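Undergrad: Below you'll find the structure I mean.
The values are calculated or read from the model by the stated rules, or taken from the named source; none is laboratory data. Quick caveat, the model's predicted, so the values are computed rather than measured. Virtual Cβ from ideal backbone geometry, glycine too; neighbours counted across all protein chains shown.
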Amino acid sequence: MGGAGLPTVVIFDTVQEGQESKSLKFKVGQVQYDLGKTIEQGGGLVIQMATDGGLLYLSAHVAVSYHSLKDKRNLAGGLFEWVVDNQVIASHDVGPIENGGTLRQHLKAHHQVNAGLHTIRLRITRPFASKPGQDAPFQFIDNLLISHLPNL
C-alpha cells in the first residue's frame, strides 16, 4: 500500500482539473518486484453491506499521478476494479503514465444482487514494485458512492 502512512487523506484534484478536494491516497504494487512475474498486488477499500434484493449502484472518481526525478514514464499507473462478492463488475486499467501526468476516470457500475450480506471492494493493483522511496505512481479515490435500489 506504499509504506507507512498510506493510505491517507490528502487534498488532490481527483475529479477534474482545477477542483481540489479531500481524496484517499494510495501507492499500490508489489512489495518486492519479481521480474519473472506480472502479479497484480495492492489494496483498496472493503465494505460489507446487507441488502434486500435489488440493484447496487457503485461510483467513484479515481486518478493516478506520477512524478519522477529519473524516469520519463511508468508502465502501469494502476488497475481500478469494482468487485462485488468476489466478482469484478467494472474496471479501468490506467496503463502507462507520463512523468508529470495525472489521469482521471469516473468508475461506475450497476449490479443486481440478491437479499443478503455483500462484500463490496474498490480494488487498486499494479504489477510492479511500489516500495517507499521508489518512483511509482500514486492512486487517488474521491466521491465514493454506493447506493441500493430494492426490487419492487
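Undergrad: Taking the residues in segment 48-94 that are more than 15 Å from Q139 (Cβ to Cβ) and charged (D, E, K, R) as candidates, determine which candidate is farthest from the chain's Cα centre (by Cα).
TA: The extreme case among them is D52.
Undergrad: Which residue out of I120, I97 is under 14 Å from the mean Cα position of the chain (by Cα) and either over 23 Å from Q41 (Cβ atoms) or hydrophobic (A, V, I, L, M, F, W, C) (or both)?
TA: I120
Residue-by-condition table, conditions (1) farther than 23 Å from P7 by Cα; (2) surrounded by 18 or more Cβ atoms within 10 Å (Cβ to Cβ):
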{"residue": "P96", "(1), (2)": "no, no"}
{"residue": "G101", "(1), (2)": "no, no"}
{"residue": "H110", "(1), (2)": "yes, no"}
{"residue": "V113", "(1), (2)": "yes, yes"}
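Undergrad: Suppose we keep only residues that are hydroxyl-bearing (S, T, Y) and modelled with pLDDT of 75 or more within segment 9-43. Which one would you say is farthest from the chain's Cα centre (by Cα)?
TA: Going through the qualifying residues, I end up with S21.
Undergrad: Can you find a residue that is modelled with pLDDT of 95 or more, among the charged types (D, E, K, R) and touching a Pro at 6+ places or on another chain (Cβ under 7 Å) anywhere in segment 50-71?
TA: yes
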